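The values are calculated or read from the model by the stated rules, or taken from the named source; none is laboratory data. Fair warning: this is a prediction, and the values are worked out from it, not measured in the lab. Methodologically, a virtual Cβ is constructed for each residue, glycine included, from the backbone with ideal geometry; neighbour enumeration extends over all protein chains shown. Accessible surface is based on the protein model in full, side chains and every heavy atom, while ligands, DNA and RNA are left aside. Shrake-Rupley method; radii C 1.70, N 1.55, O 1.52, S 1.80 Å.
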Amino acid sequence: MKNMLFKALLITLAVALPWQANAGDQAPADNIRAKIAAAMPKLPIEEVVASPIEGLFEVKLASGGRLFVTPDGEYFVFGDMFKIEGSQVVNLTDLQRNEQRLEVAVIADAEGIKYTPANKKASVTVFTDVDCGYCRKLHGQMEGYLGKGIEIRYLAFPRAGVGSPAYQKMVSAWCAPDQQDALTKLKAGKGIESRSCENPVASHYALGNAIGVTGTPALVLESGELIPGFQTPDQLARILGI
């Protein structure tokens, strides 16, 4: 229902506005940025570009959200943009996120806490929170994933945000001399030594928000596909086709 209402609102705005947003319309884009910054100074604007809908600009937020704004900057709607192609509904915003998701595997390989089987057949990146029940359930079945040849690469996604208790725990895990052991203890509800160092936890959280992660665990396949929620080893193996 929300998606249908959102699409109807976008279509109404597009029909009501005869003006067309073109890539070269820098003045409206600058005006939109200025108006939003004045009204919502803490909103992290990444860029303002012409949208696929005539008469609307797209404001991309660093958090991953999207605003669709009239050229005078006075009206906006928030959410994803959809397009009807024949009998199919395509989420255009999610297609943009897919491009970012393809980069997740590279980041996870460099910065993730990895559990790698000897007979690796596939890798899955998991955005995780150490205080999340289903994240703990997933970790408790680690041997099952490894037995299927699935490498699990964790990126941090403290759901309560940067600076929260879960965030501090995950910083300690990423700063620990044995990251795997530290993360396993946290997933078991045990305490670990509090540590601080240069770490990627905040950037992982920002990345998760940018690609559409709204809860944990969130699984990203090497293809860029995002699968929300817990999957058993057997379920994940079927999804991966191994």
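Give the residue that is surrounded by the fewest Cβ atoms within 10 Å (Cβ to Cβ), with candidates limited to residues of the range 151-191 that are among the β-branched types (Val, Ile, Thr) and assigned to a helix (DSSP H, G or I). Going through the qualifying residues, I end up with Thr184. Here Ser87 meets each of (1) of a type in the set (Ser, Thr, Tyr); (2) buried (at least 21 other Cβ atoms within 10 Å of the Cβ); (3) over 22 Å from the mean Cα position of the chain (by Cα) with one exception, condition (2).
Yes/no per residue for (1) over 22 Å from Gln141 (Cα atoms); (2) free of Cβ contacts under 8 Å to residues at least 40 places away in the same chain:
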residue: Thr184; (1), (2): no, no
residue: Glu193; (1), (2): yes, yes
residue: Asn209; (1), (2): yes, no
residue: Pro233; (1), (2): no, no
residue: Ala237; (1), (2): no, no
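You will find that of Val126, Val106, the residue that is of a type in the set (A, V, I, L, M, F, W, C), open to solvent by 10 Å² or more (accessible area, probe 1.4 Å) and at pLDDT 90 or above is Val106 and no other.
Give me a count of the residues in the range 61-79 that are open to solvent by less than 40 Å² (accessible area, probe 1.4 Å) and either out of contact with any strand residue (DSSP E or B) (no Cβ under 7 Å at 6 or more places or on another chain) or not hydrophobic (A, V, I, L, M, F, W, C) (or both). Adding up the residues that qualify gives 7. Within the range 54-94, if we keep just the residues that are among the β-branched types (Val, Ile, Thr) and not in a helix (DSSP H, G or I), the residue that is farthest from Glu225 (Cα to Cα) turns out to be Thr70. If the condition is being over 13 Å from the mean Cα position of the chain (by Cα) and among the small types (Gly, Ala, Ser), then the range 203-228 contributes only Ser223.
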